[in-house]
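The values are calculated or read from the model by the stated rules, or taken from the named source; none is laboratory data. This is a predicted model, so every value here is computed, not measured. A quick note on method: Cβ atoms are made from the backbone with ideal geometry, for glycine too, and the neighbour counts reach across all protein chains shown.
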């Protein structure tokens with residue numbers, strides 16, 4: 001099946017699971033309806049809860065999803081639908097109140113009956129998840145602390161709204177509704193067991209060790225891993241993996257990095273990591289020999305797609321060059337002679353990562369390399385400033401619309417490159433963007 | 001290019017959810 005059809009199928013199944021409780025309630029005999037607004041509000045609560053429960057799936061890092069979707073898009077849809085699910089659930093008590101002012105007695109969480117209290121706890125957890133996720137950086141919440149809070153709140157969302165539904169015991173008094181929620185819970189629990197237990201067990205059986213640590217620049221290192229007691233795994237150039245160094249795969253301390261080595265070297269895995277002050281600051285202190293668990297590879301990008309046959313334009317900023325190095329090394333190992341134009345933006349000469357490797361690759365590939373430095377120390381033979389429309393327009397060949405564009409770097413750089421490419425008339429389907437930071 | 005694609009997907013999901021919810025409430029109300 002084509003990727004596009006598979007994507008449609010996945011969205012259709014996702015929608016079906018979200019709507020299943022309501023569909024079941026329309027198909028099977030149910031207690032008599034109360035009034036339109038009351039049942040409408042119940043319906044919103046049901047669909048909101050089913051949607052909130054399914055929000056776990058995009059974050060579960062399922063291989064079949066990352067093979068067909070650009071995960072950055074999936075995370076964005078996940079964020080939007082999370083907000084929608086919170087709104088749907090929050091509107092449920094508001095409609096009940098407007099419809100029947102007596103419901104105000106259930107709005108005091110201290111005096112409300114248990115069935116209402118459970119609902120409030122569920123709604124409160126849902127709101128807290130949304131707030132801590134949207135404002136994580138503003139609240140200065142550490143990623144792993146946030147992850148832990150997120151998991152606890154997710155558990156509360158799985159438990160308390162179901163207590164609410166079962167204690168209200170109106171539609172839930174029927175076997176069909178009981179079964180449909182049991183099915184929804186089975187999916188949530190199944191995903192949790194897979195992510196928290198089965199996958200870590202699998203990773204535990206596939207350890208890697210750090211063979212070498214290469215200092216690329218003053219703040220960037222490449223760690224070279226070798227498989228320990230297994231043959232390694234196949235991956236595509238520029239794919240991503242979550243790694244944890246010297247800690248159990250059962251912990252939440254995993255960090256995503258782009259693979260920067262050749263896809264033809266199954267005996268080693270390379271990750272290039274820049275010190276950003278968090279977990280990455282410890283990379284330079286590694287001695288070698290540490291055990292690393294690698295959850296991956298993920299990412300749907302493939303160098304051999306039909307629309308990439310005429311060559312590439314790579315546009316990178318800083319460590320955004322890591323996945324591009326993976327593609328260049330892979331192409332060199334395959335003796336691939338498709339033309340490559342690589343515009344590489346860095347701060348100054350000292351911050352050009354992989355300079356030696358790039359000079360070597362220039363000999364093996366049809367590679368035209370343009371360093372664009374913000375503050376060059378010696379401006380000779382170097383482009384100064386940022387990668388601009390004028391530079392691209394001057395250096396790209398006549399058949400620029402036939403080339404495939406891959407952008408990787410910080411968000412402002414991606415936005416700037418996108419507008420340059422639009423101005424150059426490059427069609428959207430010829431462009432792939434990889435944000436330096438996950439959405 | 002922006003986030004149009006993702007907003008469309010999320011918008012379609014939300015629209016489908018609302019339509020089915022209205023349909024459910026409408027059927028229950030016995031219209």
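Would you check if residue A:76 is more than 9 Å from chain B (Cβ to nearest Cβ) and either in contact with a helix residue (DSSP H, G or I) (Cβ under 7 Å, 6 or more places away or on another chain) or part of a helix (DSSP H, G or I) (or both)? Walk me through it before giving the result.
Details: more than 9 Å from chain B (Cβ to nearest Cβ): no; either in contact with a helix residue (DSSP H, G or I) (Cβ under 7 Å, 6 or more places away or on another chain) or part of a helix (DSSP H, G or I) (or both): yes.
In short, no.
Among what's in the range A:31-53 and is outside any helix (DSSP H, G or I) and more than 7 Å from every other protein chain (Cβ to nearest Cβ), pick the residue that is surrounded by the most Cβ atoms within 10 Å (Cβ to Cβ). Working first, answer last.
Of the residues in the range A:31-53, the ones outside any helix (DSSP H, G or I) are A:31-35.
From what is left, the residues that are more than 7 Å from every other protein chain (Cβ to nearest Cβ) are A:31-32, A:34.
Details: A:31: 13, A:32: 7, A:34: 16.
The extreme case among them is A:34.
Output the strands (runs of 3 or more DSSP E) that fall wholly within the range A:250-360 and possess 2 or more residues being free of Cβ contacts under 8 Å to residues at least 60 places away in the same chain, under 18 Å from residue A:236 (Cα atoms) and not assigned by TED's automatic domain parsing to the domain that holds residue A:145, or say none. Write out each step before concluding.
Numbers: elements: A:255-258, A:269-274, A:291-298, A:312-317, A:340-346.
Per the criteria, A:269-274.
Kindly indicate which of A:313, A:372 is more than 14 Å from chain B (Cβ to nearest Cβ), under 26 Å from the mean Cα position of the chain (by Cα) and farther than 21 Å from residue A:257 by Cα. Walk me through it before giving the result.
Numbers: A:372 fails: under 26 Å from the mean Cα position of the chain (by Cα).
When all the criteria are applied, what remains is A:313.
For a quick check of your reading of the model, give me the residue pairs whose first member lies in the range A:84-96 and is assigned by TED's automatic domain parsing to the domain that holds residue A:117 and without any contact (Cβ under 8 Å) to a residue 40 or more places away in the chain, whose second is surrounded by fewer than 20 Cβ atoms within 10 Å (Cβ to Cβ) and part of a helix (DSSP H, G or I), with beta-carbon atoms closer than 7 Å and at least 6 apart or on different chains.
Going by the 7 Å Cβ cut-off, the qualifying pairs are A:84/B:14.
Would you confirm whether or not the range A:54-65 contains a residue that is touching a strand residue (DSSP E or B) at 6+ places or on another chain (Cβ under 7 Å), within 11 Å of chain B (Cβ to nearest Cβ) and at pLDDT below 85?
No, every residue in the range A:54-65 fails to be touching a strand residue (DSSP E or B) at 6+ places or on another chain (Cβ under 7 Å), within 11 Å of chain B (Cβ to nearest Cβ) and at pLDDT below 85.
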